[in-house]
Amino acid sequence: MAELATQVGSVALRAPVMTASGASGHGAELAPYGPLRDLGAVVVKSLRDGAWPGNPLPRLHPLRFPAAGMINSVGLQGPGVAAWLEDDLPALIDAGADVVASIWGDTVDAYRRAAELLAAGPPQIVAVEVNVSCPNTEDGMRMFAHSAEATEAVVAVTAGCGRPRWAKLSPNTPELVEVAAAAVRGGAEAVVLTNTLSGLVIDIEKRRPALGGQRGGVSGAALHPVAVRAVYDVHEELPAVPIIGVGGVATGADAVEMLMAGASAVQVGTAIFADPRAPWKVLAELEQWCHDNDLAGVAELVGAAH
């Protein structure tokens with residue numbers, strides 16, 4: 001069968017399929033559905049320097065055509081980095097997973113503190129995803145990833161984590177390539193493309209927004225062509241920058257499309273809500289596609305559409 005190992009900057013992944021932050025909890029919640037050690041990594045839900053309550057209920061809403069995905073306004077609820085290291089990470093390690101810790105903050109200094117708390121973490125934390133692009137905080141229409149200068153500043157202050165950093169960026173800006181370049185200047189080894197699209201759903205019976213946090217992030221199949229475009233654009237302009245593609249990846253064909261656009265690996269998110277086995281299914285279908293097309297490995301796909 002095809003060689004599945006891939007490289008994202010200095011990080012060697014045993015497989016090109018990971019979970020996406022926010023889709024599978026803070027720990028080993030997916031372990032009953034498949035061997036976590038077979039995935040490239042488990043990317044945990046974004047954490048800040050302390051506990052955070054998240055947004056009011058309700059937090060999830062299917063799109064009018066549910067197969068298109070959903071909109072969420074979870075608001076980054078989490079226990080904080082220190083509690084996660086003590087309470088949730090051990091189960092991931094016991095399951096044999098490589099782990100990517102995702103961090104966020106509402107100020108530049110909050111990112112610094114979250115990153116420095118990870119410095120004492122074990123080597124199974126292979127990278128840190130710096131989430132500068134979550135659209136569903138209280139002031140969610142303004143995010144660091146909408147500014148090249150702010151993105152560079154945030155990524156730069158997270159060096160204290162002592163691990164490779166990946167910057168998770170937003171599709172909600174016409175300056176995506178410039179922001180990606182700024183993230184690299186700040187010290188990111190790779191960029192994660194993309195986070196959700198900003199959106200709003202109205203409950204027409206109640207005559208008010210359907211989500212407790214009002215605005216939210218659109219994910220799933222509706223996001224996929226937007227994310228593929230983002231990967232393609234950044235790879236076209238910055239071909240030396242490693243990319244992780246995320247957005248509507250639910251099948252092996254979706255993963256192939258992301259890789260051909262320029263990604264070195266993909267993440268599976270919204271599909272997990274419908275089927276917790278989705279990451280393993282995507283991986284198996286991707287491997288089969290490579291076999292059926294006589295490819296020696298997934299590396300042959302990266303950027304093939306350019």
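The values are calculated or read from the model by the stated rules, or taken from the named source; none is laboratory data. Quick caveat: nothing in here was measured; it's all calculated off a predicted structure. Ideal geometry is used to build each Cβ from the backbone, glycine not excepted, and the neighbour counts take in all protein chains shown. Accessible surface areas use protein heavy atoms only, side chains included; no ligands, DNA or RNA. Shrake-Rupley method; radii C 1.70, N 1.55, O 1.52, S 1.80 Å.
What the table below lists for this structure:
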read-out	value
Candidate set from the range 76-109 (those that are polar (S, T, N, Q) and within 18 Å of the chain's Cα centre (by Cα)); member that is nearest to residue 57 (Cα to Cα)	77
Count - residues of the range 230-247 that are in contact (Cβ under 8 Å) with a residue 60 or more places away in the chain and either among the hydroxyl-bearing types (Ser, Thr, Tyr) or surrounded by fewer than 24 Cβ atoms within 10 Å (Cβ to Cβ) (or both)	6
Near pairs, Cβ below 6 angstrom, 6+ apart or cross-chain, from the range 137-151 (within 13 Å of residue 74 (Cα to Cα)) to any residue that is in a loop (DSSP other than H, G, I, E, B) and modelled with pLDDT of 95 or more	none
Unmet requirement for residue 42, which otherwise passes all of (1) of a type in the set (A, V, I, L, M, F, W, C); (2) in contact with a Phe, Trp or Tyr (Cβ under 6 Å, 6 or more places away or on another chain); (3) within 22 Å of residue 271 (Cβ to Cβ)	(2)
Count - residues of the range 145-175 that are assigned to a helix (DSSP H, G or I) and open to solvent by 10 Å² or more (accessible area, probe 1.4 Å)	10
Checklist (1) without any contact (Cβ under 8 Å) to a residue 60 or more places away in the chain; (2) touching a Lys or Arg at 6+ places or on another chain (Cβ under 9 Å) applied to residue 208, failing item	(2)
Which listed residue is within 25 Å of residue 30 (Cα to Cα), open to solvent by 10 Å² or more (accessible area, probe 1.4 Å) and small (Gly, Ala, Ser), from 250, 227	250
Filter result for residue 13 (touching a Pro at 6+ places or on another chain (Cβ under 7 Å) and farther than 22 Å from residue 106 by Cα)	no
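Rundown of residues vs (1) touching a helix residue (DSSP H, G or I) at 6+ places or on another chain (Cβ under 9 Å); (2) more than 23 Å from residue 270 (Cβ to Cβ), yes/no style:
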position	(1), (2)
12	no, yes
18	yes, no
34	yes, no
49	yes, yes
56	no, no
83	no, yes
95	yes, no
100	no, no
